[in-house]
Amino acid sequence: MKNLLITLLLFVPLLSFGQVKKDTTQICFPYSVGKQIALDLNKLDQLTEVLKLTETELKETQNKVSVQNDIITTMELKEDNYELQIQKEQEKFGIVEEQNEGLRKDIKKIKTKNTVIEIVGGAIIGALTYILIFK
């Protein structure tokens, strides 16, 4: 009895839960749905390719932006250097102008001194000439 019960318990689940062979080559939905699925799969493939191209283009654009940022940084440094050069040139011209102004004042003093010396020298020569001629 026990053997019969064990045998039944072993074989009954095998019969009821056994795998049923089905033909998987048949489509279980209408033709229009299958056609739409095929179109959607084609569209997915196309969009996947477009995505790859877009990602490549994005990377190239990021590289280009990086290079342009480097160029902009270099140009800003050059601009700072040019502004510094302009500032130094202005300082130089200011110093030269100050020196020129001082030299102009010195030239006026020397001209005034020379004029006074010429007048005094002329007066002395005139007085000596008068004394030599009339004495």
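Every read-out reported here was derived from the displayed coordinates using simple, explicitly stated rules and does not represent laboratory data. Owing to the predicted nature of the structure, the values given are computational and were not obtained by experimental measurement. As a convention, Cβ positions derive from the backbone with ideal geometry for all residues, glycine included, and neighbour counts pool all protein chains shown.
The magnitude of the dipole of the range 31-134, with charges of +1 and -1 set on the Cβ of Lys/Arg and Asp/Glu and taken from the Cα centre, is near 740 debye. D by Stokes-Einstein for the range 25-64, Kirkwood Rh over Cα pairs, 20 °C, 1.002 mPa s: 174 µm²/s. Size of the range 31-134: Rg and Dmax of its alpha carbons, in Å, are 43.9, 148. For the range 31-134, lysine pairs with C-alpha atoms less than 25 angstrom apart, excluding pairs fewer than eight positions apart on the same chain, total 10.
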